[in-house]
Amino acid sequence: MPWVIVYAGGAADSALLRDLLDAAGVSARLGDEVMGTMAPYVIAAGTTAAITVLVPDDQIDEAREVVVEFAERARNDARVGSLQFEPWECPCCHEQNDGSFEICWNCQTEKA
């Protein structure tokens, strides 16, 4: 029975999706797991999205619903995260700061 790639992502996301598929009764396994964590640039041309999630060809329809919901949640989480952590400019020294910083890394002025 042939296996079909339904997702390619980082180690944590791929493992989570595999577990969600298993919980939904869909057989799933990870592919390129060792190379994906040790040398992702070899597999995915410079990206870290090298670990694949595979399902049997005959379960692709069952897997589709789980994968689509997983991708939508990931997209929504990324949107919320990007709103919370937008870079900001220090009002005192005008340095750019990472959005997760509450004080300027350069002059320790609090975020306005």
Practice problem: Look through segment 50-62, keep the residues that are hydrophobic (A, V, I, L, M, F, W, C) and out of contact with any helix residue (DSSP H, G or I) (no Cβ under 6 Å at 6 or more places or on another chain), and return whichever of them is farthest from Asp19 (Cα to Cα). | Solution: Ile60
Self-check item: Among the candidates Ser27, Ser14, residue that is surrounded by 17 or more Cβ atoms within 10 Å (Cβ to Cβ), small (Gly, Ala, Ser) and at pLDDT 75 or above
Solution: Ser14
Quiz item: Is it the case that Val42 is aliphatic (A, V, I, L, M) and at pLDDT 95 or above?
Solution: no
Exercise. Would you check if Asp61 is touching a strand residue (DSSP E or B) at 6+ places or on another chain (Cβ under 8 Å) and modelled with pLDDT of 90 or more?
Key: no
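The values are calculated or read from the model by the stated rules, or taken from the named source; none is laboratory data. Keep in mind that what you see is a predicted model, and the values were worked out from it rather than measured. Because the Cβ atoms are built from the backbone with ideal geometry, glycine has one as well, and the counts that use them run over all protein chains shown.
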